[in-house]
1. What is the Cα radius of gyration of segment 96-170 over 2.2 N^0.38 Å, N being its residue count?
2. Normalising by the residue count of segment 1-122, find the relative contact order in percent from Cα pairs under 8 Å and 6+ residues apart.
3. Can you give me the accessible area per residue for the chain, using a 1.4 Å probe, in Å²?
4. Could you derive backbone 3J(HN,Hα) for segment 118-123 from the dihedral phi with the Karplus parameters 6.51, -1.76 and 1.60 (θ = phi - 60°), listing whole Hz in sequence and x where the residue is Gly or Pro?
5. Pairs of alpha-carbon atoms within less than 8 angstrom and 6+ residues apart define the contacts here; what relative contact order does segment 62-170 have, in percent?
6. Give me the accessible area of Trp99, 1.4 Å probe, in Å² rounded to the nearest 10.
7. Can you tally the net charge around Glu76? Count Lys and Arg as +1, Asp and Glu as -1, for every other residue whose Cβ sits under 11 Å from the Cβ of Glu76.
8. Report the rotationally averaged projected area of the chain based on its alpha-carbon convex hull, in square nanometres.
Amino acid sequence: MIKFVKIKIDRKKKQYRNINFLEEIYNLYKTYNRYLNDDFVCEDLLDEIIKTIEVNFPFFWVILNNEEFTGFIFLENITGNRNKLYSAEVTTCFKKNFWGDFTKKVAKKFTMYCFKKLGLKKLKAKVFKENVSAAAILRAAGMKFEAELKAETMKNGKPQDILIYSAIKK
């Protein structure tokens, strides 16, 4: 059974929820950092992850399959306010042994969750052009190619194109 479990880190208020998953999030993030970030990411990956969780709460989850950690997913760049959300950008990362049909199933379930439970009208994702696997998962979740941002950022010292996919609630 697929579950999305919220993670909370608020160092100022000393509030933490489900941080027992932090080591697994870190290890996964470190393994696939090249697919998640450009040349401008912070050198300290653990600090980067903690900041991402803090800034994006309550929209950072780990993904469990029968209580086994499979990956993480979060929303950022949210348009709207606490009372009414309009759109958001999704980022996700899975352990390699869950790639394929499982990731497509999770993508579909999460997209529906965002539309039905969170009330989003639009969900979008950015992927590096060479990440064809991620693009396939986005298409399987019902997202359509929306735009290509040429030379949008730098990766490995070279200009990098980014593809944008989105789904709009009907």
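The values are calculated or read from the model by the stated rules, or taken from the named source; none is laboratory data. These figures come from a predicted structure and were not determined experimentally. Neighbour counts run over all protein chains shown; Cβ positions are idealised from the backbone, glycine included. Just the protein is used for accessible areas: all its heavy atoms, side chains included, with ligands, DNA and RNA removed. Shrake-Rupley method; radii C 1.70, N 1.55, O 1.52, S 1.80 Å.
1. Segment 96-170 yields a ratio of 1.19.
2. Result for segment 1-122 is 24 percent.
3. 58 Å²
4. 8, x, 5, 9, 9, 10
5. On the way: 183 pairs, mean separation 23.4, N = 109.
This gives 21 percent for segment 62-170.
6. 120 Å²
7. On the way: positive: Lys124, Lys126; negative: Glu89.
Net charge around Glu76: +1.
8. 10.1 nm²
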